[in-house]
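Values quoted throughout were computed directly from the atomic coordinates according to the rules given, and no laboratory measurement underlies them. Note that the structure is a prediction, hence the values are computed from the model and not measured. Cβ atoms come from the backbone with ideal geometry, glycine included; neighbour counts cover every protein chain shown.
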């Protein structure tokens, strides 16, 4: 599946979907901290929401999504909408207009994601203030339901997706952040759990929840274990191919002057789909464009998921690169 993980710099959800063979991308205006620049779009997510878009990942490679995304999972900013900030929304009983305006802007961003042209959407946010009037959330989840010894209630707004099922419920847990709330006797607690002051750290998705999202929502196109192990999935950086070199190699292939070397590389990469690899490069066809062809019965179905296809394609171009260097190109 083609999965857009919006407002995610940690890449925790993106990586879990990649592990299952999906073509997932994280998107955030911040640099990624997950270590996979080849899967991160550092840009405004709004132009990408409805699909039919081209974009660059941080490694400089261009990608194309034809049609709609198969799934969008989003973690939009919550600072001005969360119920935890309600105490700052009013001063002496009066709404702070500047803060309210920022909350309305955050709500508009939230609703643009909710109303995107996609069949499957999940949006995560803390419990919102009633004043903001967000749509009712579908469910709330806790880290301790997914193997983490902490409580940090968060809500999920789901469209076309089932509720997340707990994977490992822990009886003993403590608050993840110091919320400053009162105990059962009405006294303020001195300390609550971890003192996470960095908002970026607090906002990262717990690994157990990220894994549950991928495993429970991403079952389609999941490759078998043997397929996962046998298909090369290295990045362009691994092969030492820069953006400019990639363009040069594709021009060599598209020119037809090195058809024999290109065919040799494609067949060495994967005999089964060599012709599709060549078609993709010579005619600049994306996996989705090829998929439309097999849906129209114009060609046989490619027996690999999107992620595997592009992994084999990169490997074929790497082999072609090696041959071209031998002849001084």
Q: Rounded to the nearest 0.05, what FRET efficiency do residue 272 and residue 326 give with R0 = 22 Å and r taken as the Cβ-Cβ distance? Could you check?
A: 0.25
Q.
7 Å from Cα along Cα→Cβ at both residue 52 and residue 298: what's the point-to-point distance in nm?
A. 1.8 nm
**Q.** Inter-probe distance in nm under a simple model that places probes 7 Å from Cα toward Cβ, at residue 264 and residue 88
**A.** 6.4 nm
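Taking only C-alpha pairs under 8 Å that are 6+ residues apart, what is the relative contact order of the stretch 2-217 in percent? Please report the intermediate quantities before stating the final value.
Details: 414 pairs, mean separation 36.6, N = 216.
Relative contact order of the stretch 2-217: 17 percent.
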**Q.** DSSP-defined antiparallel bridges as percent of all bridges, the chain, nearest 5
**A.** 45 percent
Q.
Please rank 233, 257, fewest neighbouring Cβ atoms within 10 Å first, as an exposure proxy.
A. 257, 233
Q. Roughly how compact is the chain, stated as its Cα Rg over 2.2 N^0.38 Å to two decimals?
A. 1.17
Q: Calculate, for residue 248 and residue 117, the FRET efficiency according to 1/(1 + (r/R0)^6) with r their C-beta to C-beta distance and R0 30 Å; round to the nearest 0.05.
A: 0.25
